[in-house]
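Novice: I am attaching a structure below and will ask some questions about it afterwards.
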Amino acid sequence: MTMPHAEPDHCDCDAIHEEVVAEVRGKMPDDSILIDLADLFKVFADSTRVKILCALQQSEMCVCDIAVLLGMTKSAVSHQLRQLRQTRLVRNRRDGKVVYYSLDDEHVSAVFEQGLLHVRE
């Protein structure tokens, strides 16, 4: 029995459309920007962090309230919030002894909403 000839999944030639390659190359962000973008998307790869972002999209909350909402320890929530703060997705403010967390800005909310729209399609 002979196997049907499979089409290659890649091109065996150099760039055919050099002008397209040149145009796209000119529009590509610096590697450092793309690395930061990849790191940002890695943060969204964890379901716990996504749940925290979802909660903070609804309301500013303290660690204790997030922990109760998600059925987690305060320590575990604090660890996730630290990662979210490092990527500037979440900010905090102190009110006496209580620290409240919220989404950093409207961009974070927009990225989150676009992701939800995409997975709900």
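Every number here is computed from the coordinates shown, using simple stated rules; none is lab data. Since the structure is predicted, the reported quantities are computational estimates derived from the model, not experimental observations. Here the Cβ positions follow ideal geometry from the backbone for every residue, glycine too, while neighbour counts run over all protein chains shown.
Novice: By a straight-distance test (C-alpha under 29 Å), which lysines pair with residue 97 as possible cross-link partners, with residues fewer than eight away in the same chain excluded?
Specialist: 51, 74
Novice: Something else about it: Taking Cα pairs under 8 Å and at least six residues apart, what relative contact order does the chain come out at, in percent?
Specialist: 21
Novice: Oh, and also: Roughly how many nanometres apart are two label points built 7 Å out from the Cα toward the Cβ at residue 24 and residue 116?
Specialist: Modelled inter-label distance: 3.3 nm.
Novice: If the cut-off is 27 Å between C-alpha atoms, which lysines fall inside it for residue 27, apart from same-chain ones fewer than 8 positions away?
Specialist: 42
Novice: A further question follows. Taking only Cα atoms and a 10 Å spring cutoff, compute GNM fluctuations for the chain and point out the largest among 108, 24, 90.
Specialist: 24
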